[in-house]
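The values are calculated or read from the model by the stated rules, or taken from the named source; none is laboratory data. Source: prediction; values computed, not measured. Every residue, glycine among them, receives a Cβ derived from its backbone with ideal geometry; neighbour counts consider all protein chains shown.
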Amino acid sequence: MIDWLNLFFNSLWIIALAIALAVVSWASWRAAEAAPTEKRSGQFGFELSRRIPQIYLSLAGALFCIGLAGTSTTLWQQVLWILFAAVFLWQWRVAFRNR
């Protein structure tokens, strides 16, 4: 029989990794496509530090941590992953509110 709860939590961390990969790929593409006259053109780190990638990376981090908290079997691991998720959610909130 399928354990639906385990499937849900495993899906969360897999989706989180897909989001993170998409954001990193997008930032790499933006850095490669920047015009040579633009300030900080071609800098991958600069593209990742912008507001929109930070929002999605923080969300991906939170989903990843929640997924691993749901699949952990010991209490201390679950608490640790939930604390990490709270940090990522705080970063998401800060990145979302900064304009």
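Just so you know, in the range 71-96 the residues that are modelled with pLDDT under 95 and of a type outside the set (S, T, N, Q) include one that is nearest to the chain's Cα centre (by Cα), and it is W92.
Pick from G67, G61: which is touching a Ser or Thr at 6+ places or on another chain (Cβ under 9 Å), modelled with pLDDT of 90 or more and buried (at least 16 other Cβ atoms within 10 Å of the Cβ)? Matching residue, one of G67, G61: G67. A count restricted to the range 51-85 and to residues that are of a type outside the set (F, W, Y) and without any contact (Cβ under 8 Å) to a residue 12 or more places away in the chain stands at 10. Quick check, is R99 at positive phi, outside any helix (DSSP H, G or I) and modelled with pLDDT under 95? Judged against the criteria, R99 is not a match. For I55, the criteria (1) in contact with a Phe, Trp or Tyr (Cβ under 8 Å, 6 or more places away or on another chain); (2) buried (at least 20 other Cβ atoms within 10 Å of the Cβ) hold in every case but one, which is (2).
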